[in-house]
């Protein structure tokens with residue numbers, strides 16, 4: 001399953017896999033761990049849930065050679081701006097090109113959504129990156145696909161992004 005390994009490699013480079021420990025559970029479209037409690041809906045038909053180390057929730061669509069990830073982390077979160085956190089998600093890629101970037105209100109905060117193209121290990125990829133900071137935690141929704149198939153999965157990514165409901169931080173108060 002080469003594309004899953006390309007996606008995993010792409011996401012490792014992006015800092016989504018391998019950096020933050022995921023010891024939580026995703027059940028009935030809710031993810032919980034010792035820090036966070038949030039809802040994230042399924043992207044829909046054609047997507048299969050996969051387990052990736054240190055990622056809260058991940059799906060793969062073999063027809064699109066694409067993946068969608070939802071992740072959170074609370075430890076070591078600095079006061080970095082959303083643009084900087086988005087840049088961290090693009091680490092390990094080359095020939096980066098931001099196609100669009102916009103702030104949007106989300107969960108009582110501002111979130112930053114970025115559409116970008118880049119190469120990962122020489123392979124062209126396109127990503128939608130959604131980054132939210134709330135209560136000392138960072139929440140990311142990432143959609144990654146080949147540029148020629150990106151548009152076909154964008155509505156599925158939007159379904160996951162729009163279903164995100166961040167609950168109160170579990171380890172505060």
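The values are calculated or read from the model by the stated rules, or taken from the named source; none is laboratory data. Here the structure is a predicted model, which is why all the values come from computation and not from measurement. Cβ coordinates were reconstructed from backbone atoms using ideal geometry, including for glycine residues, and neighbour counts include every protein chain displayed.
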**Request:** Quick one: residue 53 ticks every box in (1) exposed (fewer than 15 other Cβ atoms within 10 Å of the Cβ); (2) within 15 Å of the chain's Cα centre (by Cα); (3) modelled with pLDDT of 90 or more except a single one, so which number is it?
**Result:** (3)
**Message:** Based on this model, can you work out whether residue 98 counts as at pLDDT 90 or above and in contact with a helix residue (DSSP H, G or I) (Cβ under 7 Å, 6 or more places away or on another chain)?
**Reply:** no
**Complete:** Within the stretch 134-153, residues in contact (Cβ under 8 Å) with a residue 12 or more places away in the chain and more than 13 Å from the chain's Cα centre (by Cα) come out as 134, 135, 136, 137, 146, 147, 149, 150, 152, 153
**Fill in**
Flagged in the stretch 127-166 as in contact with a strand residue (DSSP E or B) (Cβ under 9 Å, 6 or more places away or on another chain), closer than 16 Å to residue 39 by Cα and exposed (fewer than 15 other Cβ atoms within 10 Å of the Cβ), in numbering order, are 165
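I need the full set of residues from the stretch 117-126 which are surrounded by fewer than 20 Cβ atoms within 10 Å (Cβ to Cβ) and in a strand (DSSP E or B), in order please. Talk me through it step by step, then tell me what you get.
Our first condition is that a residue be surrounded by fewer than 20 Cβ atoms within 10 Å (Cβ to Cβ); within the stretch 117-126, this holds for 117, 119, 121-124.
Across the stretch 117-126, the qualifying residues are 117, 119, 123, 124.
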**Asked** Is there a residue being in a strand (DSSP E or B), touching a strand residue (DSSP E or B) at 6+ places or on another chain (Cβ under 9 Å), at pLDDT 95 or above and surrounded by fewer than 14 Cβ atoms within 10 Å (Cβ to Cβ) anywhere in the stretch 103-115?
**Response** yes
